[in-house]
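The values are calculated or read from the model by the stated rules, or taken from the named source; none is laboratory data. Worth saying up front: this structure is predicted, and the values here are computed from it rather than measured. Here Cβ is always computed from backbone atoms with ideal geometry, including for glycine, and neighbour counts include all displayed protein chains. Areas reflect the complete protein model, heavy atoms only, side chains present, ligands, DNA and RNA absent. Shrake-Rupley method; radii C 1.70, N 1.55, O 1.52, S 1.80 Å.
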Amino acid sequence: MTLHSEPAAPERAAPAATEAGAGAITPRAPRRTRTGPPGRRRRWLRTGFLTAVAVLMLIPLYVLVVNAFKSQQEILTSPFGLPAGGPDFSYLQKVFENKQFNIMRGYGVTLLFVVCVNVLSIALAGPAAYVIARSAKRRYRALMLFFLAGTFIPSQVLVIPVVYVLKTLGLMGTIRGFVLFETVLTLPFSIFLYAGYIATIPRELDQAAAVDGAGRIRTFWRIIFPLMRPVVATMVILNTFSVWNDFVNPQIILGPGSGLYTVTTGVYAAVSQYQTDYTVVFPTLLVAIAPLLVFFVFMQRHIISGLTAGASKG
């Protein structure tokens, strides 16, 4: 008896898979980055724009540096050229021998103002920002807006009212009056920056300190303030620039009669009534800003990290 095997049925797996795959969502291909001519053109435009801005900002510094080593006639005839016979360092030496302005005393007075303003700014702005950041009441938010509005008022607008107030208090032409005025100018932005940073610090730290018996003042200075090191460093740097470069406020509040000259107001002594000796002005300006430039080069990374630390935490 012969058995005939039936032919095998054709496989229908492929059509079934095709029918099932028809309704499925196919994954999208990854987007390609623009590495072609349009992307390169945009990158070159960005680089060119930033280079042009950097050059425009460096031109005044270049003029200051090259003219600090040239004679009066060479400065007037070729202000953008390099010194013809090489740099003459004798003009820089005369800056420290100028009888009209003692540059070393100017450094000392300016550093005194910088330290006092930074200490008072931290002592006043830190606790105020802590109270504002930790409270959800509307009156504290209104107070924050009040301080924030102070950042939009130019300090020159406040000089005349402040002069009348300082005269009434007997602080006009004194170190105390100038330090208080400069400290007040730093408070709005300091409180705004500190409050934003404190808001990123967990409240559980405050609760744990309260359980251990610490008050709010002790909690701030012993627990919260050490965590604010990046933003405090940023504000110290910005306040240092502000006090060091200020010219109008010390010129008006201190005045020539006080005998106190900062680095910037001391440069004004190099300008005579009828003519200007550029061999004194340019070297004095260079010596005045040199410490600040060195300070900025070494501390610029702290400015960026402090301004972005509050935004990256959470």
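Counting only helices (runs of 4 or more DSSP H) that sit completely within the range 1-86, those holding 3 or more residues that are at pLDDT 80 or above and either in contact with a Leu (Cβ under 7 Å, 6 or more places away or on another chain) or not aromatic (Phe, Trp, Tyr) (or both) correspond to 37-67, 72-77. The residue list Gly266, Gly257 contains one member that is open to solvent by 50 Å² or more (accessible area, probe 1.4 Å), modelled with pLDDT under 85 and not in a loop (DSSP other than H, G, I, E, B), which is Gly257.
Residues that are free of Cβ contacts under 8 Å to residues at least 60 places away in the same chain and farther than 11 Å from Thr110 by Cα within the range 242-254 comprise Phe247, Gln251, listed in sequence order. Anything in the range 164-216 that is assigned to a helix (DSSP H, G or I) and basic (Lys, Arg)? List them, or say none. Once the filter is applied, which keeps residues that are assigned to a helix (DSSP H, G or I) and basic (Lys, Arg), the range 164-216 yields Lys167, Arg176, Arg216.
Here is a yes/no grid of residues against (1) assigned to a loop (DSSP other than H, G, I, E, B); (2) open to solvent by 20 Å² or more (accessible area, probe 1.4 Å); (3) in contact (Cβ under 8 Å) with a residue 60 or more places away in the chain; (4) of a type in the set (A, V, I, L, M, F, W, C):
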residue	(1), (2), (3), (4)
Phe220	no, no, yes, yes
Pro226	no, yes, no, no
Pro230	no, yes, yes, no
Thr234	no, no, yes, no
Leu238	no, yes, yes, yes
Val297	no, yes, no, yes
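Restrict the check to the range 192-211 and report whether at least one residue is out of contact with any Asp or Glu (no Cβ under 8 Å at 6 or more places or on another chain) and under 30 Å from Lys70 (Cβ atoms). No: zero hits.
Has the range 280-292 got at least one residue that is modelled with pLDDT of 75 or more and not in a helix (DSSP H, G or I)? Within the range 280-292, not a single residue is modelled with pLDDT of 75 or more and not in a helix (DSSP H, G or I).
For first residues located in the range 117-143 and assigned to a loop (DSSP other than H, G, I, E, B), partners that are open to solvent by 50 Å² or more (accessible area, probe 1.4 Å) and not polar (S, T, N, Q) and lie 6+ apart or on another chain with Cβ distances below 9 Å form the pairs Ser135/Arg141. All of (1) modelled with pLDDT under 90; (2) touching a Ser or Thr at 6+ places or on another chain (Cβ under 9 Å); (3) within 16 Å of Gly126 (Cβ to Cβ) hold for Gly173 with one exception: (3).
Filter the range 155-171 down to residues that are open to solvent by 70 Å² or more (accessible area, probe 1.4 Å) and under 25 Å from the mean Cα position of the chain (by Cα) and give me whichever is farthest from Ile252 (Cα to Cα). By that ranking, first place goes to Val157.
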